[in-house]
Amino acid sequence: MFVELIKAEGEMMYQIDDQPYQESPYFTGVGSGPHLVRAKGKYADCGEVVKEIQVINYPKFFTPNTDGINDYWNINDMYDYPEAKIYIYDRFGKLITSTNPRKRGWDGSFNGKQMPSADYWFQVEYKYQGNIKVFKSHFTLKR
């Protein structure tokens, strides 16, 4: 997972989850879940910015061709959020389906017909520390 975080003017140092500080605000290999990010001046002690983030890893594509591999699209990393709701839309914003992380997921069809290869957008709504959070992005259906 690639994460770009707090960007600030001047020369800054960045840290995620108590790892060593680095000059780049880009982090790779960040797993799903909550993370604590810090940013501070490289040379001057001008304080520190601290931000908690929530990383959600999701499949960037799926191939519903009944071969048993990537036949359904879902956000498995949200399994521990049973109240989460996932909404999938076409490029025009039409709601195609909804699901949750504990179900099998979307099979690439709408009203019993296969949807074409294309990009689809999703929104996941979940509760984190008592607050409703919303995450939006997109993925590709490949046939």
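The values are calculated or read from the model by the stated rules, or taken from the named source; none is laboratory data. Because the structure is a prediction, the values reported are computed rather than measured. Cβ coordinates were reconstructed from backbone atoms using ideal geometry, including for glycine residues, and neighbour counts include every protein chain displayed. Protein only, heavy atoms only, side chains kept; ligands, DNA and RNA dropped before computing areas. Shrake-Rupley method; radii C 1.70, N 1.55, O 1.52, S 1.80 Å.
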Residues located in the stretch 99-129, provided they are over 22 Å from Gln54 (Cβ atoms), among the polar types (S, T, N, Q), in contact with a Lys or Arg (Cβ under 8 Å, 6 or more places away or on another chain) and in a loop (DSSP other than H, G, I, E, B): Ser117
Residue under evaluation Ser109, criteria (1) at pLDDT 95 or above; (2) among the polar types (S, T, N, Q); (3) surrounded by fewer than 12 Cβ atoms within 10 Å (Cβ to Cβ), criterion not met: (3)
Scope the stretch 61-106; condition in contact (Cβ under 8 Å) with a residue 24 or more places away in the chain, surrounded by 13 or more Cβ atoms within 10 Å (Cβ to Cβ) and charged (D, E, K, R); matching residues: Asp71, Asp77, Lys85, Asp90
Single residue of Ile96, Ile132, Ile88, Ile53 found to be in contact with a strand residue (DSSP E or B) (Cβ under 7 Å, 6 or more places away or on another chain), more than 27 Å from Gly31 (Cα to Cα) and part of a strand (DSSP E or B): Ile96
Options Lys51, Lys42; residue that is open to solvent by 40 Å² or more (accessible area, probe 1.4 Å) and farther than 18 Å from Val134 by Cα: Lys42
In the stretch 112-122, residue nearest to Asp71 (Cα to Cα) [restricted to those that are of a type in the set (Phe, Trp, Tyr) and open to solvent by less than 40 Å² (accessible area, probe 1.4 Å)]: Tyr120
Selection from the stretch 22-37 of residues that are open to solvent by less than 50 Å² (accessible area, probe 1.4 Å), over 23 Å from Asp80 (Cα atoms) and part of a strand (DSSP E or B): Phe27
